[in-house]
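Trainee: Submitted below is the structure of interest, expressed as structure tokens.
The values are calculated or read from the model by the stated rules, or taken from the named source; none is laboratory data. Small disclaimer: the values here were computed from a predicted structure and weren't measured. Glycine gets a Cβ as well: all are built from the backbone with ideal geometry, and neighbour counts include every protein chain shown.
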Amino acid sequence: MSFKSTLLIAVWALWAGIAQATLPIQSFTTSSGARVFLVESPSLPMVDVQIDFDAGARRDPAQKTGLANQVASMTAKGVRAQGSLPALDENQLGEAWADLGASFGGRASDDRMSFKLRSLTQAELLRQAVQLAARQLAHPAYRPEQWEEVRARDIASLKEARTRPATLAQERFMAALYPDHPYGRKVTEDSLRAISVEDMGHFHQQHLWACRAKVSIVGAVTRQQAQDLVQQLLAHLSTARTCPALPGVPEAQPLQQAQNIQVPFEAAQSQILLGQPSFKRTDPDFFALLVGNHILGGGGFVSRLTHQVREQRGLSYSVYSYFAPGLHAGPFVAGLQTRPDQAQQALQLTREIVRDFVQSGPTAEELRAAQDNLVGGFALRLDSNRKLLDNLANIAWFDLPLNYLDHWTRRIEAVTIQDIRSAFGRKLQPDRMVSLILGPT
């Protein structure tokens with residue numbers, strides 16, 4: 001009980017400090033060229049680290065969609081021998097992490113490949129965890145027989161996923177939004193079969209350079225300790241103070257006309273999606289769009305879509321909207337499920353609500369309620385080291401100002417009705433959106 005009480009007090013102290021004071025983000029560049037972003041959090045004897053590379057799915061060859069994610073996830077399947085250190089298979093690697101009470105793993109999103117390390121900061125444990133993570137990051141085994149097993153499981157998972165209407169609807173919808181852009185590609189059985197372990201090794205060598213890394217750290221470490229930690233983590237990767245530029249990725253193109261898609265599928269509910277490519281994460285309209293979407297469909301039961309589609313018409317139990325900005329113009333999506341006989345009515349109503357919001361914006365009461373809700377919930381975005389790390393990594397990845405979180409609530413409170421109307425008018429074109437209904441004809 002004494003330990004639990006101490007832990008709760010420490011967590012409360014961390015939350016109180018974040019809620020009431022500025023967030024002291026330190027930033028520096030190591031001798032290898034890696035960019036480091038550090039928040040010292042001495043309340044708990046732990047450290048969380050995220051390493052990001054420009055090696056997400058947007059870098060996949062068109063016929064090998066899924067390569068980036070396999071490059072990241074296969075690092076957990078074993079490491080090669082290195083000097084006097086023996087090779088480790090998947091089980092041995094898992095046992096080694098369990099013995100340290102630490103964790104390390106990777107995954108790829110559309111824009112980036114990310115690796116996360118979590119460890120206690122006791123000196124010997126942290127030293128061993130960093131050494132093991134450095135091996136796993138730089139020397140994955142990529143064994144052919146291991147890949148054959150993983151590929152077979154992934155293909156089986158793909159087949160199972162495509163029996164689910166939500167998966168089918170999302171894939172077809174994104175393909176329509178991004179017909180000539182990596183954001184619209186999907187992993188298929190053919191694309192997985194086209195990937196070889198040689199492809200993984202080449203992708204790894206091409207993209208995972210120390211000078212391309214952005215490293216975010218939250219925990220009980222000093223700046224000097226953080227610098228030493230990063231140098232050790234990236235020690236085995238290719239080094240060059242200035243990295244050669246990667247090939248450019250084309251921008252997502254705006255839709256030129258509306259597209260209405262009907263996908264026959266026998267199910268109790270119809271899936272409905274409406275949307276378009278919208279904006280990049282660095283767009284200056286970000287805060288106006290964030291607040292506006294909270295009013296439109298991102299605020300749960302207090303949103304306009306919920307009020308009119310669910311409460312007034314009873315057409316759906318849940319309806320939502322969101323923006324997902326990235327390095328390219330990410331999607332705006334409004335979605336719901338409804339009875340098949342109500343699908344056209346529900347889609348038409350959703351389209352009208354979106355169109356009206358773009359034209360007229362919110363009311364003063366809606367704006368004030370959304371601002372109060374967002375500002376009141378701000379501390380919950382930072383109430384753990386994991387959440388703090390996620391926010392810090394986004395600041396690092398998108399090159400946001402280091403005082404971004406310090407001014408977040410002020411920027412929310414400064415948004416006006418006209419800001420929202422102008423931003424939505426620039427970003428959304430209701431008459432050129434893709435609409436999709438997947439369900440019984």
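Trainee: Could you check the stretch 84-99 and list, in sequence order, the residues that are at pLDDT below 95 and either surrounded by 19 or more Cβ atoms within 10 Å (Cβ to Cβ) or assigned to a helix (DSSP H, G or I) (or both)?
Mentor: none
Trainee: Please find, within the stretch 363-387, the residue that is farthest from VAL291 (Cα to Cα) out of those that are modelled with pLDDT of 95 or more and of a type in the set (A, V, I, L, M).
Mentor: ALA364
Trainee: Among the residues of the stretch 180-239, which ones are more than 30 Å from VAL39 (Cα to Cα), touching a Gly at 6+ places or on another chain (Cβ under 8 Å) and either crowded, with 20+ Cβ neighbours inside 10 Å or not assigned by TED's automatic domain parsing to the domain that holds GLN122 (or both)?
Mentor: TYR183, VAL187, LEU192, ILE195
Trainee: Kindly establish whether ARG351 is under 24 Å from GLN276 (Cα atoms), at pLDDT 95 or above and surrounded by fewer than 15 Cβ atoms within 10 Å (Cβ to Cβ).
Mentor: Numbers: under 24 Å from GLN276 (Cα atoms): yes; at pLDDT 95 or above: yes; surrounded by fewer than 15 Cβ atoms within 10 Å (Cβ to Cβ): no.
Considered against the rule, which asks whether it is under 24 Å from GLN276 (Cα atoms), at pLDDT 95 or above and surrounded by fewer than 15 Cβ atoms within 10 Å (Cβ to Cβ), ARG351 comes out as no.
Trainee: Looking at (1) part of a helix (DSSP H, G or I); (2) under 24 Å from GLY377 (Cα atoms), can you tell me which one ASP406 breaks?
Mentor: Checking ASP406 against (1) part of a helix (DSSP H, G or I); (2) under 24 Å from GLY377 (Cα atoms), the one that fails is (1).
Trainee: Can you name the residue in the stretch 409-441 that is among the aliphatic types (A, V, I, L, M) and in a helix (DSSP H, G or I) and is also surrounded by the fewest Cβ atoms within 10 Å (Cβ to Cβ) among such residues?
Mentor: Going residue by residue through the stretch 409-441, those that are among the aliphatic types (A, V, I, L, M) are 412, 414-415, 417, 420, 423, 428, 433-434, 436-438.
Now restrict to residues that are in a helix (DSSP H, G or I): 412, 414, 417, 420, 423.
Working: ILE412: 20, ALA414: 13, ILE417: 16, ILE420: 28, ALA423: 24.
Among those that are among the aliphatic types (A, V, I, L, M) and in a helix (DSSP H, G or I), it is ALA414.
Trainee: Continuing with the same structure: Report yes if some residue within the stretch 365-379 is within 21 Å of ALA176 (Cβ to Cβ), in contact with a helix residue (DSSP H, G or I) (Cβ under 8 Å, 6 or more places away or on another chain) and hydrophobic (A, V, I, L, M, F, W, C); otherwise report no. Steps first, answer last, please.
Mentor: Let us first name the residues in the stretch 365-379 that are within 21 Å of ALA176 (Cβ to Cβ), namely none.
No: the stretch 365-379 contains no residue that is within 21 Å of ALA176 (Cβ to Cβ), in contact with a helix residue (DSSP H, G or I) (Cβ under 8 Å, 6 or more places away or on another chain) and hydrophobic (A, V, I, L, M, F, W, C).
Trainee: If you go through the stretch 238-252 one residue at a time, do you hit one that is free of Cβ contacts under 8 Å to residues at least 60 places away in the same chain, touching a strand residue (DSSP E or B) at 6+ places or on another chain (Cβ under 6 Å), among the small types (Gly, Ala, Ser) and not in a loop (DSSP other than H, G, I, E, B)? It would help to see each step written out before you state the result.
Mentor: So the first thing to find is which residues in the stretch 238-252 are free of Cβ contacts under 8 Å to residues at least 60 places away in the same chain, and the list is 238, 244-245, 247-248.
Then drop every residue that is not touching a strand residue (DSSP E or B) at 6+ places or on another chain (Cβ under 6 Å), which leaves 238.
Now narrow it down to the ones that are among the small types (Gly, Ala, Ser): 238.
With the extra rule that they be not in a loop (DSSP other than H, G, I, E, B), the set shrinks to 238.
Taking every residue of the stretch 238-252 in turn, at least one turns out to be free of Cβ contacts under 8 Å to residues at least 60 places away in the same chain, touching a strand residue (DSSP E or B) at 6+ places or on another chain (Cβ under 6 Å), among the small types (Gly, Ala, Ser) and not in a loop (DSSP other than H, G, I, E, B).
Trainee: Within the stretch 14-31, how many residues are touching a Phe, Trp or Tyr at 6+ places or on another chain (Cβ under 8 Å) and at pLDDT 95 or above? I'd like the intermediate steps shown before the answer.
Mentor: To start, the set of residues in the stretch 14-31 that are touching a Phe, Trp or Tyr at 6+ places or on another chain (Cβ under 8 Å) comprises 19, 25-27.
From the residues that got through so far, the ones that are at pLDDT 95 or above too are 25-27.
Number satisfying all stated conditions: 3.
Trainee: A follow-up question, please. Would a scan of the stretch 193-204 turn up a residue that is under 23 Å from the mean Cα position of the chain (by Cα), in contact (Cβ under 8 Å) with a residue 60 or more places away in the chain and over 19 Å from ALA138 (Cα atoms)?
Mentor: No.
Trainee: Would you please name the residue that is modelled with the highest pLDDT, looking only at residues in the stretch 32-65 that are of a type in the set (A, V, I, L, M, F, W, C) and in a loop (DSSP other than H, G, I, E, B)?
Mentor: Within the stretch 32-65, the subset of a type in the set (A, V, I, L, M, F, W, C) is 34, 36-39, 44, 46-47, 49, 51, 53, 55, 57, 62.
Checking the rest, the ones that are also in a loop (DSSP other than H, G, I, E, B) come to 34, 44, 55.
Details: ALA34: 95, LEU44: 91, ALA55: 98.
Among residues in the stretch 32-65 that are of a type in the set (A, V, I, L, M, F, W, C) and in a loop (DSSP other than H, G, I, E, B), the one modelled with the highest pLDDT is ALA55.
Trainee: Which ones in the stretch 360-384 are in contact (Cβ under 8 Å) with a residue 60 or more places away in the chain, within 13 Å of LEU296 (Cβ to Cβ) and of a type in the set (S, T, N, Q)?
Mentor: The answer is SER360, and nothing else.
Trainee: Follow-up. Of all residues being closer than 15 Å to MET46 by Cβ and free of Cβ contacts under 8 Å to residues at least 60 places away in the same chain in the stretch 100-123, which is surrounded by the most Cβ atoms within 10 Å (Cβ to Cβ)? Just the residue, please.
Mentor: Keep residues of the stretch 100-123 that are closer than 15 Å to MET46 by Cβ, which gives 100-104, 116-123.
Next, from what is left, pick out any that are free of Cβ contacts under 8 Å to residues at least 60 places away in the same chain: 100-104, 123.
Working: LEU100: 18, GLY101: 12, ALA102: 21, SER103: 15, PHE104: 26, ALA123: 9.
Filtering the stretch 100-123 for residues that are closer than 15 Å to MET46 by Cβ and free of Cβ contacts under 8 Å to residues at least 60 places away in the same chain, the one surrounded by the most Cβ atoms within 10 Å (Cβ to Cβ) comes out as PHE104.
Trainee: Now for a separate question. Within the stretch 70-83, is even one residue over 28 Å from the mean Cα position of the chain (by Cα), in a helix (DSSP H, G or I) and not polar (S, T, N, Q)? So that I can check it myself, show each step before the final result.
Mentor: First pass over the stretch 70-83, keeping only residues over 28 Å from the mean Cα position of the chain (by Cα): 80-83.
Adding the requirement that they be in a helix (DSSP H, G or I) leaves none.
No, the stretch 70-83 contains no residue that is over 28 Å from the mean Cα position of the chain (by Cα), in a helix (DSSP H, G or I) and not polar (S, T, N, Q).
Trainee: Name the single residue that is nearest to the chain's Cα centre (by Cα) among those in the stretch 269-305 being in a loop (DSSP other than H, G, I, E, B) and modelled with pLDDT of 95 or more. Steps first, please.
Mentor: Taking the stretch 269-305 first, the residues in a loop (DSSP other than H, G, I, E, B) are 269, 280-285, 299, 303.
Restricting the remaining residues to those that are modelled with pLDDT of 95 or more gives 269, 280-285, 303.
Numbers: GLN269: 28, LYS280: 14, ARG281: 12, THR282: 15, ASP283: 17, PRO284: 20, ASP285: 20, SER303: 24 Å.
Looking at the filtered set, the residue picked out is ARG281.
Trainee: Being touching a strand residue (DSSP E or B) at 6+ places or on another chain (Cβ under 8 Å) and either part of a loop (DSSP other than H, G, I, E, B) or closer than 30 Å to LEU38 by Cβ (or both): is that true of ARG381 here?
Mentor: no
Trainee: Mind counting the residues in the stretch 132-150 that are part of a helix (DSSP H, G or I) and buried (at least 18 other Cβ atoms within 10 Å of the Cβ)? Break it down stepwise before answering.
Mentor: The initial filter retains those residues of the stretch 132-150 that are part of a helix (DSSP H, G or I), namely 132-138, 144-150.
Still in the list and also buried (at least 18 other Cβ atoms within 10 Å of the Cβ): 132-138, 147.
Of the residues in that region, 8 qualify.
Trainee: Within the stretch 392-408, track down each residue that is out of contact with any strand residue (DSSP E or B) (no Cβ under 7 Å at 6 or more places or on another chain) and either closer than 21 Å to GLN50 by Cβ or surrounded by 14 or more Cβ atoms within 10 Å (Cβ to Cβ) (or both).
Mentor: If the condition is that a residue be out of contact with any strand residue (DSSP E or B) (no Cβ under 7 Å at 6 or more places or on another chain) and either closer than 21 Å to GLN50 by Cβ or surrounded by 14 or more Cβ atoms within 10 Å (Cβ to Cβ) (or both), then ASN394, PHE398, ASP399, LEU400, PRO401, ASN403, TYR404, LEU405, ASP406, TRP408 are the ones that fit.
Trainee: Could you grab me the full set of residues in the stretch 151-179 that are part of a helix (DSSP H, G or I), without any contact (Cβ under 8 Å) to a residue 12 or more places away in the chain and closer than 18 Å to GLY335 by Cα?
Mentor: If the condition is that a residue be part of a helix (DSSP H, G or I), without any contact (Cβ under 8 Å) to a residue 12 or more places away in the chain and closer than 18 Å to GLY335 by Cα, then THR167, ALA175 are the ones that fit.
Trainee: Taking the stretch 68-83, which residues are buried (at least 23 other Cβ atoms within 10 Å of the Cβ) and out of contact with any Leu (no Cβ under 9 Å at 6 or more places or on another chain)?
Mentor: Start the filter on the stretch 68-83 by keeping residues that are buried (at least 23 other Cβ atoms within 10 Å of the Cβ), which leaves 68, 70-72, 75, 79.
The answer is ALA68, ALA72.
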